[in-house]
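Okay, structure first, notes after.
The values are calculated or read from the model by the stated rules, or taken from the named source; none is laboratory data. Note that the structure is a prediction, hence the values are computed from the model and not measured. Cβ coordinates were reconstructed from backbone atoms using ideal geometry, including for glycine residues, and neighbour counts include every protein chain displayed.
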């Protein structure tokens, strides 16, 4: 398959994660049953957006990831931030839900963790390839 054909296909996981986040955000507050642990909602946000960041990184082809790592990270974090803000705005219209800046912070934190891990693994891969 050519690069032009695979680009939209590589975005499918990102769209699915975004759809899942939207679906969960569209549930009224009393229909969500999270364990009664302190901060569990922030952890859920962090994990959901870590998955979104992973799917966003996957959407870029290998050449982009190899040549433009900094730009890829900036775009990935921007996707997490903008989608997190839009998600909180969306929640402001759902009964029993309210927007929270702390949720947005947890969203971006999930993206940051994944991007840092990706950069670390990318650096190790380059070191291994140089030593061969």
*Determine which member of the set 117, 81, 102 is more than 19 Å from residue 25 (Cβ to Cβ) and either touching a strand residue (DSSP E or B) at 6+ places or on another chain (Cβ under 8 Å) or assigned to a helix (DSSP H, G or I) (or both).*
117
*asked:* Against the definition (modelled with pLDDT under 95, under 28 Å from residue 26 (Cβ atoms) and surrounded by 15 or more Cβ atoms within 10 Å (Cβ to Cβ)), how does residue 44 come out, yes or no?
replied: yes
*Count - residues of the stretch 56-66 that are over 16 Å from the mean Cα position of the chain (by Cα) and not in a helix (DSSP H, G or I)*: 1
*Determine which member of the set 69, 123 is closer than 28 Å to residue 8 by Cβ, without any contact (Cβ under 8 Å) to a residue 60 or more places away in the chain and over 16 Å from the mean Cα position of the chain (by Cα).*
69
_Which listed residue, of 56, 20, is farther than 25 Å from residue 93 by Cα and modelled with pLDDT of 95 or more_ = 56
*In the stretch 87-99, what residues are in a helix (DSSP H, G or I) and surrounded by 15 or more Cβ atoms within 10 Å (Cβ to Cβ)?*
87, 88, 90, 91
_One residue from 15, 66, 7, 55 being crowded, with 17+ Cβ neighbours inside 10 Å and either closer than 25 Å to residue 122 by Cα or touching a helix residue (DSSP H, G or I) at 6+ places or on another chain (Cβ under 8 Å) (or both)_ = 55
